[in-house]
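Laboratory data are not the source of any read-out in this text; all were calculated from the coordinates shown. Just so you know, these numbers come straight off a predicted model, no measurement behind them. We place every Cβ from the backbone using ideal geometry, glycine too, and count neighbours over all the protein chains shown.
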Amino acid sequence: MSNYEFLRNSKVLKKSIDIGIILLIFFLIYFSFSYCQDAQSYYQNGYQYFSQGNYQKAEENYKKAIELSPDFENAHYWLGKVYRQIGQHDKAITQWMEVLKINPRNPYAFRYLNESFRDTSRVTSGVAGDYLQESLKILEIRSGDVFLNENRISSYTLLSSIPYLKKSIQLESSLISAHYWLAQIYLALSKKITWQYTSLAINSFEQVIAIVEEKNLSLFQRPSEYWFAYQELIQIFQNLGIKERKESLLNQLQQAKSRPYEIALNDAGYRDYGSPDSIVIVSTNFEEIVELWRYESKGKTFRVINKKVIGEEKP
């Protein structure tokens, strides 16, 4: 074969390969276009059937659209509405969770998901504590627990416990534990389903703090939920990058810690004292606890019995 023939054949082969690649690209584009079009067509058909009240056909078409395009947000959403219309709430919930996996910002799926959980039939009394205890039972919360293990508890279980906590709050608005566990549930759901639950968690944690501080509950020995509410809020603001709110909350926490000491010292005639630099327990028994509150910067030490300031200690 001459050099001319070899070059000629090489050019023909290259041209054939180039044409083949171009045809393959066109085929893939056409196939992808057709694929999307089919999913869209099924979705449109589903919408038509839904509008007509033919929920069986609507379900078939939405499911086909999802089969062709698993991340088809609107198809999942409307399939959830189909199940809601025919009373299959568990299936509807599954679809709205799928929507929020695809698009955590979807406000409509978020609203429908929350509205799907209203049942409190396990409790028939009018006692707030009974609803609180039932919620903790659902969550398998044991005495002494202060945090949820969201990896151990399903999203469905978390959501199903919310109505019991809301009912307990409705019956007794100052029930600290109900607000606290509601906040813990919202915080877990913000990680498992959608960040939209974060604002609800913040509001509930803030309620815990507000109830304790507005009512001056247990100045020295506050409920553990109170301190953990501060801790959780500070971490949330840290994660969100909201520096101003974090700093404001830290200042509020410092004031809250100082306030009972300030009040005790004010009652004894000592002004402008906050939290001690250190506290030494001198003695303790069933009747009294004797402490020394030391303020290093002011060179003062106070003797305190059962949280009542007796006077200054001599150097």
Q | Loop-located trypsin sites (Lys or Arg not before Pro) in the range 214-315, at most 12 other Cβ atoms within 10 Å (DSSP) | A | 271
**Q.** Modelled FRET efficiency - R0 25 Å, residue 251 with residue 271, Cβ distances, 0.05 increments
**A.** 0.75
Q) Against the longest alpha carbon principal axis of the chain, how many degrees, from 0 to 90 and to the nearest 10, is the axis of helix 55-68 turned? A) 80 degrees
Q) Tell me, what ³J(HN,Hα) does each residue in the range 265-277 have, in order and in whole Hz, if you take phi through Karplus 6.51 cos²θ - 1.76 cosθ + 1.60 with θ = phi - 60° and put x for Gly and Pro? A) 6, 4, 4, 8, x, 10, 9, 6, 10, x, 5, x, 5
Q: Report Rg/Rh for the range 128-241, rounded to two decimals, where Rg is the Cα radius of gyration and Rh the Kirkwood radius.
A: 0.94
Q) Amide H neighbours of residue 300 under 5 Å, counting only residues 5+ apart in sequence or on other chains, H built in-plane at 1.01 Å? A) 295
(Q) Quick check: the angle from helix 89-102's long axis to the longest principal axis of the chain, C-alpha only, nearest 10 degrees? (A) 80 degrees
Q: Kindly provide the helix-only [θ] at 222 nm of the chain, computed as the sum of -39,500 (n - 2.57) over DSSP H runs of four or more divided by all residues, to the nearest 500 deg cm²/dmol?
A: -22500 deg cm²/dmol
Q: Work out which GluC sites (Glu not before Pro) in the chain are exposed loop sites (DSSP not H, G, I, E or B, at most 11 other Cβ within 10 Å) and give the longest gap free of them.
A: 1-286
Q) In µm²/s, what is D for the range 40-116 at 10 °C and 1.306 mPa s, where D = kT/(6 pi eta Rh) by Stokes-Einstein and Rh is the Kirkwood radius from Cα pairs? A) 133 µm²/s
Q) Placing +1 at every Lys and Arg Cβ and -1 at every Asp and Glu Cβ, with all other atoms neutral, what dipole size does the chain have around its Cα centre, in debye to the nearest 20? A) 780 debye
Q) What does the convex hull of the Cα atoms come to per residue for the chain, in Å³? A) 265 Å³
**Q.** Within straight-line cross-link reach of residue 101, lysines at Cα separation under 27 Å, skipping those fewer than 8 residues along the same chain
**A.** 57, 63, 64, 81, 91, 166, 191, 192
Q: Mind giving me the nanometre distance, one decimal, between the label points for residue 124 and residue 103, set 7 Å out from Cα along Cα→Cβ?
A: 4.5 nm
**Q.** Candidates per chymotrypsin sites (Phe, Trp or Tyr not before Pro) in the range 136-235, loop by DSSP, up to 14 other Cβ within 10 Å
**A.** 147, 220
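Relative contact order of the chain, please, whole-number percent, based on alpha carbon pairs below 8 angstrom and at least 6 residues apart.
Result for the chain is 7 percent.
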Q) Any idea what angle helix 128-139 forms with the longest principal axis of the chain, computed on alpha-carbon atoms, 0 to 90 degrees, nearest 10? A) 50 degrees
Q: Using 0.36 nm per residue of separation minus the Cα-Cα distance, give me the extension gain between residue 94 and residue 305 in nm, one decimal.
A: 70.1 nm
Q) What trypsin sites (Lys or Arg not before Pro) does the range 42-132 have in DSSP loop regions with at most 15 other beta carbons within 10 Å? A) 105, 118, 122
Q: Give me the distance in nm between label points sitting 7 Å out from Cα along the Cα-to-Cβ direction at residue 238 and residue 216, one decimal.
A: 3.3 nm
**Q.** Per-residue ³J(HN,Hα) for the range 167-172, Karplus 6.51 cos²θ - 1.76 cosθ + 1.60, θ = phi - 60°, Hz, x for Gly and Pro
**A.** 5, 5, 5, 4, 7, 8
